[in-house]
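Step one of this worksheet: look at the structure below.
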Amino acid sequence: MLKLDEVTKEFRIGAFGGRSVAAVRNVSFEVVPGEVVSLIGESGSGKSTIGRMILGLNPVTSGTITFDGRPVRGGKQYYRHIQGIFQDPFSSFNPVFKADRVFDLIKESYYPSVPAAEWAGRVAASLRDVRLNPDQVLGKYPHQLSGGQLQRLLIARALLLDIKLLVADEITSMLDASTRIDVLNLLAELKTRGLGVLYITHDLSLGNYLAERTVVLRRGSVVEMGLTDKVFGDPLHPYTRELLSAVPRLNRAWDDATPVETCLYHERGGTGALLEAEPGHLVACARLPAC
Ligand SMILES: Nc1ncnc2c1ncn2[C@@H]1O[C@H](COP(=O)(O)OP(=O)(O)OP(=O)(O)O)[C@@H](O)[C@H]1O
């Protein structure tokens, strides 16, 4: 369904754009229908940049991103199948309009000929799908709804389309613990309907809870990926181990703590490409500059 092949993103920086910074380097992975893939890594590792490229909001510098075999192109038809939901639900709503205007916009763009009564029925069904009571959320302004309700409203909006892939970028990080679990359970339920989810998070426990497969990103490069059970149960890259064992410590950054001398592959002539440690479990050499 979604395939990233050697995707690199460089941003021009500096006063006249004279320098560039590589935010994402040679990243390849796939998301298939009915699967949650979690993309994890510390702040600045390139997770959101990948999400934005998939959503057609940032162009790739090199490599390809394809959806059902076709390159990402943005536009109405693309967004019929792929939707993104972001960390701060309030930023997705215009505070001067009622929150349910997001449904009107979908109707105007995609279903102009659907009669109003039928559309109201579809909206109500979609809200119930995300366990919202239409009577409690329709007709309200964004500030009258909670963050969790707004996130679910956005998922309900996506469900009104013929959605196949949801890019969920830190969508639970602003929610309280119980609402977070509700939204995660909702995502878990959606995948049973065949939806693919790219779940972007820096919170390892949430990725573990939800995802069939996990991609670990460090400084724009994939350092390890595979079945979540394998990556979490038998982490091979020192950075993954450090992430998994990390208890926040005020005076110590992850980078300082990463022991690169324990790389399993360097002595075997690792080239920077991911090596298959066991079927479906890939890991990078930890001593190479890209790591
Ligand atoms: N428009 C931009 N121009 C220049 N640099 C950018 C731009 N967007 C992102 N970057 C840089 O790219 C790198 C990756 O950023 P990105 O937002 O993808 O990281 P992230 O893993 O999502 O971080 P966080 O978890 O904090 O959101 C960072 O170094 C960031 O400063």
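Here are some notes:
- Fraction of beta bridges assigned by DSSP in segment 2-283 that are antiparallel (%, nearest 5): 60
- Gap separating the Cα centres of segment 118-146 and segment 164-220, nearest whole Å: 22
- The chain: most fluctuating residue of Arg12, Arg80, Arg101 per GNM, C-alpha cutoff 10 Å: Arg12
- Angle of helix 147-159 to the longest C-alpha principal axis of the chain, folded into 0 to 90 degrees and rounded to 10: 80°.
- Packing-based ranking of 64-75, 222-233, 132-143, 82-93 yields 222-233, 82-93, 132-143, 64-75, ordered from highest to lowest mean Cβ neighbour count within 10 Å.
- Highest GNM mean-square fluctuation among Leu154, Leu210, Leu274, for the chain modelled with Cα contacts below 10 Å: Leu274.
- Paramagnetic label zone (point 7 Å from Cα along Cα-to-C-beta, Tyr141; backbone N under 13 Å) in segment 60-97: 94-97
- Cα-based helix-to-principal-axis angle, 177-191 vs the chain, degrees rounded to 10: 90
- Taking a straight Cα-Cα cut-off under 22 Å and skipping sequence neighbours fewer than 8 places away in the same chain, the lysines within cross-link reach of Lys9 are Lys47.
- Rounded to the nearest 500, the helix-only mean residue ellipticity at 222 nm of the chain stands at -9000 deg cm²/dmol, with each DSSP H run of n ≥ 4 adding -39,500 (n - 2.57).
- Nearest 10 degrees, 0 to 90: helix 101-110 Cα axis against the chain principal axis: 90
- Charged side chains reduced to their Cβ positions (Lys and Arg at +1, Asp and Glu at -1) give segment 2-283 a dipole of some 860 debye around its Cα centre.
- Rel. contact order, % - alpha carbon contacts under 8 angstrom, at least six apart, the chain: 22
- Between Val60 and any residue 5 or more places off or on another chain, the built amide H atoms are never under 5 Å apart.
- Net charge in the neighbourhood of Val197 (other residues with Cβ under 12 Å of its Cβ; Lys, Arg +1, Asp, Glu -1) is 0.
Read the figures in this text as sums done on the coordinates, not as results from a lab. What you are looking at is a predicted structure, and each value in this text was computed from that prediction instead of being measured. As a convention, Cβ positions derive from the backbone with ideal geometry for all residues, glycine included, and neighbour counts pool all protein chains shown.
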